[in-house]
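A.B. asks: Just passing along the structure, written as structure tokens.
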Amino acid sequence: SFKGTSTFGAWIKKIVVNQSVSVYNRNTKYHEVQYDDEFKHAVEEDGGIASEEEEQNPKVRMILKTMETLKENYRVALIHHLIEGYDYEEICEILNITYANCRTTISRAKESLRTKLLSYEN
């Protein structure tokens, strides 16, 4: 509502700028990410937990099954960090989040996973 503390033009300009930023943020919140296949074979065979020998381990199976029950953003961040081996900067770029948000998400995901695993043991 216009209160007369500034010019009418400045007031209208502020409304237009705020609406434009709002629409821009709403439209760019979800964007398509192109999958680049150049790193597909870059992972060493002895890295990660995808080997068949380790998948037969009951503890590994339990952890992977428990990870599936996490919230999606927690699960995705943990998979990128722990299984795929990406560092925080790479995860930030992939998920389009800030560094602080990335660290917080991974920390909370680890704590959530730890809590769920402890509840299964008891």
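A.B. asks: Glu32 fails exactly one of the following numbered conditions: (1) in a loop (DSSP other than H, G, I, E, B); (2) at pLDDT below 80; (3) closer than 27 Å to Thr105 by Cα; (4) in contact with a helix residue (DSSP H, G or I) (Cβ under 8 Å, 6 or more places away or on another chain). What is the number of that condition?
C.D. replies: (4)
A.B. asks: Right, another one. Identify, by number, the condition in (1) open to solvent by 70 Å² or more (accessible area, probe 1.4 Å); (2) touching a helix residue (DSSP H, G or I) at 6+ places or on another chain (Cβ under 7 Å) that Glu72 doesn't meet.
C.D. replies: Condition (2) is where Glu72 drops out.
A.B. asks: Here's another thing I want to ask about it. Residues of region 86-122 being open to solvent by 40 Å² or more (accessible area, probe 1.4 Å), touching a residue at least 40 places away in the same chain (Cβ under 8 Å) and of a type outside the set (A, V, I, L, M), which ones?
C.D. replies: Once the filter is applied, which keeps residues that are open to solvent by 40 Å² or more (accessible area, probe 1.4 Å), touching a residue at least 40 places away in the same chain (Cβ under 8 Å) and of a type outside the set (A, V, I, L, M), region 86-122 yields Asn96, Lys116, Tyr120.
A.B. asks: Every residue in region 65-88 that is hydrophobic (A, V, I, L, M, F, W, C) and within 15 Å of Glu111 (Cα to Cα), please.
C.D. replies: Across region 65-88, the qualifying residues are Met67, Leu70, Val76, Ala77, Leu78, Ile79, Leu82.
A.B. asks: Something else: Between a residue in region 69-84 that is within 22 Å of Tyr120 (Cβ to Cβ) and any residue that is basic (Lys, Arg) and surrounded by fewer than 19 Cβ atoms within 10 Å (Cβ to Cβ), which pairs come within a Cβ distance under 6 Å, given they are 6 or more apart or on different chains?
C.D. replies: Going by the 6 Å Cβ cut-off, there are no qualifying pairs.
A.B. asks: Still on this structure: Report yes if Met62 is among the aliphatic types (A, V, I, L, M), open to solvent by less than 90 Å² (accessible area, probe 1.4 Å), modelled with pLDDT of 60 or more and within 20 Å of the chain's Cα centre (by Cα), otherwise no.
C.D. replies: The answer is no for Met62.
A.B. asks: Under 7 Å by Cβ, and 6 or more places apart or on different chains, what pairs join a residue from region 1-22 that is free of Cβ contacts under 8 Å to residues at least 60 places away in the same chain with one that is basic (Lys, Arg) and surrounded by fewer than 10 Cβ atoms within 10 Å (Cβ to Cβ)?
C.D. replies: none
The values are calculated or read from the model by the stated rules, or taken from the named source; none is laboratory data. These numbers were taken from a predicted model, which means no experiment stands behind them. Backbone-built Cβ (ideal geometry, glycine too); neighbour counts: all protein chains shown. Each accessible area value is taken on the protein alone, full model and side chains, heavy atoms only, with ligands, DNA and RNA left out. Shrake-Rupley method; radii C 1.70, N 1.55, O 1.52, S 1.80 Å.
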